[in-house]
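Some notes on the structure that comes next.
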Amino acid sequence: MQETGTWKLKTGLAQMLKGGVIMDVINAEQAKIAEDAGACSVMALERVPSDIRAAGGVARMADLTIIENIMKVVTIPVMAKCRIGHFVEARVLEALGVDYIDESEVLTPADEAHHVWKHDFKVPFVCGCRNLGEALRRVGEGAAMIRTKGEAGTGNVVEAVRHMRTVMDDIRRLAALPQEEIPAFAKEIQAPLDLVIEVHNTGKLPVVNFAAGGIATPADAALMMHLGAEGVFVGSGIFKSSNPSARAKAIVKATTHYKDALIIAEVSKDLGEAMPGLEISKIPPQELLAGRGW
Amino acid sequence: MKIGILALQGAFIEHLHTLRSLGVEAVEVRTTTELTGLDGLIIPGGESTAILKLARHYHMIKPLQEMAKAGIPIMGTCAGMVLLANKVTESDLQTLCLMDIEVRRNASGRQVDSFETDLAIPDIGGEPFHAVFIRAPYIKHLGAGVETLARLDDGTVVAVRKGNLLALAFHPELGHDTRLHEYFLKMVRASKKEIAR
């Protein structure tokens, strides 16, 4: 008897991605560059977040031909994004055979109140969060992997740091609580009690947690690993830089050797220009992506 | 007894926890220096292309090959099995080429086809082993002297051993059943005696 689509298989694939870099790509050529650089997975997109930000309008699931072409050329897992709450986009991506779905705030939300009920799917989901409550709400809905949101497409790591520190601080706070205070804590962070109890007991999230949103340099990636990320997503940071292949390789090495400053120094040389960065405070509040989802 | 776990990318912490739960000293290995003084090595699941790129860049290929030749036991799980194989079907991936097997990557299909199943593994005795296959490689061809330890119901070979090398297509580190890790530790103890002699 073979069982497919189980929780263990969904969370297990995320465990295999740990210590690695997941790179945004918009065509087969970029996907090959990412794989050759040592990416553990690619995110197939029509536009990287910085271009989505620049283009404005409604951002939707990518053209399926783009995703299929990328799936054909790489052996590493291929992820793709659906809009928050758009369970039909998710079903389409599942039917196409993508390996992970990112229900992502980078696309324009399709539903203002409800996320996809991810337990119903065989394909695993990753979702963004800014704090422990949001992370556990997503896990409660069936997300088998979490990433902190950061602020995608900015090349500015400050929001990624804020979100990772908040999640880790929430966990440390919860782990130190006496048992009788756990229900009130669950109420405060608006998360399912059973998952809050689990985090209290284990001192960690129930699923793998990566960092995302604004990582642009090898040192950024290593910083996120130090703060508790189990791997990193790099979006615009690679293919919006002047030398994507060299930068991709350097970020992969810095993620593995994040504790070794000599190696990070070595790989950070001669990478050319990083992507242009955006000051978060200069972005109009309605254009910030991290506030999407709840 | 000190076991290293190749920690370049993938599920190395899970192996570390399993070994420590068995009371064994286990360490993460990211550099050639950290390869010295080990009695055994585990190459974990992860992405074989990513692990190989990093191993090659940091000059670990030759030391790993020398370790295997010196008779030090190595267990490869999933991506680790791909690294051990001599040949990868329809691919020019340069592996460690330590074991006379040919493997096909992602042989069961995409992630939605990943599966859990019970395997009969006579060498570890007792109950069937509940095995987790995630985008798993299958063994398509075995050379002389490579011993089959487990097959799927359809006959596909998913666990093999040759001398000091053990290759598994699935993930014993994701469950609570420690029998395969204990089997590997037996190989390590036997090799320590052999090397001492």
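Between residue A:27 and residue B:197, take the C-beta separation as r, use R0 = 41 Å, and let me know the FRET efficiency to the nearest 0.05.
Plugging the Cβ-Cβ distance into 1/(1 + (r/R0)^6) gives 0.10.
Among the listed pairs A:32/A:122; A:72/A:118; B:162/B:186; A:240/A:269; B:53/B:87, which have their C-alpha atoms separated by more than 22 angstrom in this model?
A:32/A:122; A:72/A:118
What's the extension gain from residue A:95 to residue A:65 if we count 0.36 nm per residue and subtract their Cα-Cα distance?
Stretched out fully, the residue A:95 to residue A:65 stretch lengthens by 9.5 nm.
Where the centre of each part is set by its Cα atoms, how far does segment A:1-67 sit from segment A:164-220, in angstrom?
Here the two parts' Cα centres lie 25 Å apart.
Quick one: check the C-alpha center-to-center distance for segment A:227-271 versus segment B:106-147, whole angstrom.
Centre-to-centre distance over Cα atoms comes out at 34 Å.
Quick one: Karplus J couplings for segment A:211-227, per residue in order, coefficients 6.51, -1.76, 1.60, θ = phi - 60°, nearest Hz, x for Gly and Pro?
Result, rounded to whole Hz: 9, 8, x, x, 6, 10, 9, x, 5, 4, 4, 5, 4, 5, 5, 4, 7.
What's the FRET efficiency of residue A:243 with residue B:140 using the Cβ-Cβ distance as r and R₀ = 41 Å, to the nearest 0.05?
The computed FRET efficiency comes out at 0.60.
Points 7 angstrom from Cα along the Cβ direction at residue B:120 and residue A:265: gap in nanometres?
That separation, rounded to one decimal, is 6.0 nm.
Going from most exposed to least, what order do A:86, B:171, A:114 have by accessible area with a 1.4 Å probe?
Sorted descending by solvent-accessible area, the residues read A:114, A:86, B:171.
Calculate the dipole size of segment A:42-141 relative to its Cα centre from +1 charges on Lys and Arg beta carbons and -1 charges on Asp and Glu beta carbons; express the result in debye to the nearest 20.
Roughly 120 debye, rounded to the nearest 20.
Does segment B:2-196 come out rounded, prolate or oblate by the C-alpha gyration tensor, with a ≥ b ≥ c the root eigenvalues, rounded set by a/c under 1.5 and, if not, prolate when a/b is larger than b/c and oblate if not?
It is rounded, given that a/c, with a ≥ b ≥ c, falls under 1.5.
Which value in nm describes the separation of the simple spin-label points at residue B:94 and residue A:3, placed 7 Å from the Cα toward the beta carbon?
Reported label-point gap for residue B:94 and residue A:3 is 4.2 nm.
Can you give me the three principal axis dimensions of segment A:77-167 from its C-alpha atoms, in Å, biggest first?
Cα spread of segment A:77-167 along its principal axes, largest to smallest: 37, 26, 26 Å.
Would you kindly state how much longer the chain becomes between residue A:113 and residue A:227 on full extension, computed as 0.36 nm times their sequence separation minus their alpha carbon distance, in nm to one decimal?
37.9 nm
Whose amide H sits under 5 Å from the amide H of residue B:42, counting only residues 5 or more places off or on another chain, with H placed in the peptide plane?
Correct list: B:4, B:5, B:6, B:75.
Please report, in Å, the Rg and the Dmax of the protein assembly as shown, where both are computed over Cα atoms only.
Here Rg and the maximum Cα pair distance are 22.0, 73 Å.
Suppose R0 equals 51 Å; then what is the FRET efficiency for residue A:201 and residue B:189 from their Cβ-Cβ distance, rounded to the nearest 0.05?
With R0 = 51 Å, the Cβ-Cβ based efficiency is 0.90.
Using DSSP, restrict attention to beta bridges with both residues in chain B and report what percent are antiparallel, rounded to the nearest 5.
Here the share of antiparallel DSSP bridges comes out near 50 percent.
Using only DSSP helix segments of four residues or longer, with each worth -39500 (n - 2.57), what per-residue ellipticity at 222 nm results for the protein assembly as shown after dividing by its residue count and rounding to 500?
Estimated from H runs of four or more residues: -11000 deg cm²/dmol.
Show me the trypsin sites (Lys or Arg not before Pro) within segment A:201-294 that DSSP assigns to loop and that have at most 15 other Cβ atoms within 10 Å of their Cβ.
A:204, A:259, A:269
Between segment B:27-102 and segment A:71-140, what's the alpha-carbon centroid distance in Å?
33 Å
The values are calculated or read from the model by the stated rules, or taken from the named source; none is laboratory data. What you are looking at is a predicted structure, and each value in this text was computed from that prediction instead of being measured. Positions of Cβ are backbone-derived with ideal geometry, glycine not excepted, and every protein chain shown enters the neighbour counts. Calculation scope for accessible area: heavy atoms of the full protein, side chains included, ligands and nucleic acids excluded. Shrake-Rupley method; radii C 1.70, N 1.55, O 1.52, S 1.80 Å.
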